[in-house]
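The values are calculated or read from the model by the stated rules, or taken from the named source; none is laboratory data. Computed from a prediction, not measured in an experiment: that's the story for all the values here. No Cβ is skipped: glycine too gets one built from the backbone with ideal geometry, and neighbour counts run over all protein chains shown. Surface accessibility is based on the protein's heavy atoms, side chains included, excluding ligands, DNA and RNA. Shrake-Rupley method; radii C 1.70, N 1.55, O 1.52, S 1.80 Å.
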Amino acid sequence: MTERKLVQHCAPTLAGIKTGNIFRCPFTSYVELYGELRALNRRLAPKGLRIIPLRVCRGYAMIYVYRPNKLRADLAGEEARAILAGYGYSGDVPERCINHLRSRLAALGDFPHEIGLFLGYPPEDVRGFIENGAKNEKYVGCWKVYGDVDKAKKCFERFARCSRLYAEKFDSGSTVERLTIAG
């Protein structure tokens with residue numbers, strides 16, 4: 001997994017303005033993949049970032065980059081807890097919830113709809129997506145919006161600006177450590 005891929009797909013999380021990102025990463029060796037993830041975690045965990053495989057299949061891994069403190073706060077909200085409880089999650093302990101998400105990914109073979117909560121999407125939008133069967137959204141950006149469109153648009157613009165800036169800085173020689181904000 002290249003650091004460029006990490007910056008390309010996860011800039012808002014590296015910057016501390018988003019809870020998490022998921023991206024697909026091809027690999028040729030399990031040993032190399034897990035070695036790269038361990039090395040990245042050693043470098044970035046002190047800044048409050050975790051990088052884990054959510055799912056590993058033949059030739060690719062679904063990598064989850066997240067901020068445990070932000071995830072803990074997101075999952076502690078009443079609406080998020082209610083959504084998760086409906087899918088068999090117990091409590092709001094991030095590690096336990098991530099393990100249950102992994103199980104659901106393996107069982108379903110597709111993205112469980114509640115995954116948006118692990119990425120920092122507003123619970124009202126996650127609930128709207130679930131209840132509307134991914135239809136009837138008010139707006140589409142980084143996710144389908146069922147709630148506050150103006151707030152979501154501002155968020156999408158912020159993420160896009162961050163991604164452009166991080167790509168430029170990385171291309172100019174900044175390291176992933178330097179780009180990762182402590183938090």
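Values for this structure:
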{"read-out": "Cα gyration tensor, the range 1-57 - rounded (a/c under 1.5), prolate or oblate", "value": "prolate"}
{"read-out": "Probe 1.4 Å, protein heavy atoms only - accessible area per residue of the chain in square angstrom", "value": "52"}
{"read-out": "Ellipsoid equivalent to the chain - semi-axes via the Cα gyration tensor, in Å", "value": "26, 21, 15"}
{"read-out": "The range 1-23 and the range 122-148: distance between their alpha carbon centers, rounded to Å", "value": "23"}
{"read-out": "Loop-resident sites, the range 14-112, for trypsin sites (Lys or Arg not before Pro), counting at most 15 other Cβ within 10 Å (DSSP)", "value": "58"}
{"read-out": "Volume in Å³ per residue [convex hull over Cα atoms, computed for the range 1-97]", "value": "103"}
{"read-out": "Percent carbon-and-sulfur accessible area, the chain, ignoring ligands, DNA and RNA, probe 1.4 Å", "value": "51"}
{"read-out": "Spread of Cα-to-Cα distances over 5 Å intervals beginning at zero, given as percent, for the range 53-130", "value": "3, 16, 29, 26, 18, 6, 2, 0"}
{"read-out": "Choice from 128, 77, 109 with maximal GNM fluctuation in the chain (Cα, 10 Å cutoff)", "value": "109"}
{"read-out": "Percent of Cα pairs exceeding the 21 Å cut-off, where the set is the range 106-183", "value": "44"}
